[in-house]
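The structure appears below as structure tokens.
Taken together, the values in this text are just the output of simple stated rules run on the coordinates, not laboratory data. Keep in mind that what you see is a predicted model, and the values were worked out from it rather than measured. We place every Cβ from the backbone using ideal geometry, glycine too, and count neighbours over all the protein chains shown.
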């Protein structure tokens, strides 16, 4: 059914890398969210009024806040779809994250208000009125919310939208909270034990957890998070398709919003290669990445010496030293300067953030081990942090 809806309402639905198509997905998902949540709010509010159950009314208000969140989602995707302009040369894609953050804030505020109302009901409980219609409404609501969670999950994965996947998580938490309300209503009717306020508190906790989780998901890309490992590996594979490019390093990926990613890296080519030929190789590598991944990329050309037996032997020795210290340490930009008595080995090492040794401790260890292997060698080391992982 979800696929049928997508095909019916989203033009060019397969072209998910197109910002306009992505915007259509966002607008469509927001419209579905408003429609379903408004209907659920009306039905649950009526059920809460019939039974006098604060937990049902709280659940209804939660659906109303979800409808409001869908409005924000539509606005976010609408603004995010605007093209680049002089004030925003990389586009407006991050508005999608901001919209998601606003949604998360609204969810948290609603959760706090529900928690307050539930505590008041615990202190001052009221008599509940049983209604079979209310039970039916809650069961239908659970089914609808489960479908919505699946709907948002599939669309979120299709267009790689963390905002939409967060909405899926919120819908799933709504299923759990509505189930709690339904169970509490049945318990109250069967035993006469009024657990309405406690059920409302449980619903509020689920709402708060969903809101805080959604806020975290939106803050991560806004603050700057590492790119996905698969994305980095695909860039590396595409660049290294050219046999003249020996290796890559110093890759940096900038995320300006979904579908607006820019990368830069250094590509190693033989120092004996004709500079114009090397330039063409790098240009073609950029075109391969842009065509396959739809991201902007800038590649810096690094000439490396790969035909000198003495330099190769020193490089192999250095790599062996690094493996002995920690196999996870990587090296690049290796070069040498040779004097009459001392040979300087100049290179960069890449280590994870929060490495077990400080940069100074690590460089001291490397220098000592290199000199121990070859007393004529001295290491000149620059330490890089591996933010990609």
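At q = 0.13, 0.15 Å⁻¹, what log₁₀ I(q)/I(0) does a Debye calculation on the Cα points of the range 127-266 give, no solvent, two decimals? Result of the Debye calculation: -0.72, -0.84.
Just need log10 I(q)/I(0) for the range 229-303 at q = 0.15 Å⁻¹, Debye formula, equal scatterers on the alpha-carbon atoms, no solvent, rounded to two decimals. At q = 0.15 Å⁻¹ the computed log10 ratios are -0.45. Calculate how steeply helix 54-80 sits against the longest principal axis of the alpha-carbon atoms of the chain, using the helix alpha-carbon long axis, and give the answer as 0 to 90 degrees to the nearest 10. Between helix and principal axis, roughly 40 degrees.
Modelled spin-label separation between residue 279 and residue 312, with each label point placed 7 Å from Cα along the Cα-to-Cβ direction: 3.0 nm.
With R₀ fixed at 25 Å, the C-beta to C-beta distance from residue 84 to residue 234 puts the FRET efficiency at about 0.55.
When the alpha carbon gyration tensor of the chain is reduced to an equivalent ellipsoid, the three semi-axes, largest first, read 58, 26, 14 Å. With both labels modelled 7 Å from their Cα along Cα-to-Cβ, the residue 18 to residue 139 distance reads 4.4 nm.
Computed from the C-beta positions of residue 241 and residue 371 and an R0 of 51 Å, the FRET efficiency is 0.85 to the nearest 0.05. Taking the DSSP bridge list for the chain and keeping only pairs wholly inside it, about 45 percent are antiparallel. With N as its number of residues, the range 309-385 has a Cα radius of gyration that, divided by 2.2 N^0.38 Å, comes to 1.04.
For the chain, the longest principal axis of the Cα atoms and the long axis of helix 275-293 meet at an angle of about 10 degrees. In a fully extended conformation the segment linking residue 147 and residue 212 would gain 21.1 nm over its present Cα-Cα distance, using 0.36 nm per residue. Each of 218, 276, 331 was scored by other Cβ atoms within 10 Å of its Cβ. Listed from fewest to most, they are 276, 331, 218.
Cβ-Cβ distance of residue 7 and residue 190, R₀ of 56 Å, FRET efficiency by 1/(1 + (r/R0)^6): the value works out to about 0.75. Using the Kirkwood formula over every pair of different C-alpha atoms, what hydrodynamic radius in Å results for the range 84-186? So the Kirkwood estimate lands at 16.4 Å.
Which angle from 0 to 90°, rounded to the nearest 10, does the C-alpha axis of helix 359-373 make with the longest principal axis of the chain? Tilt of helix 359-373: around 40 degrees.
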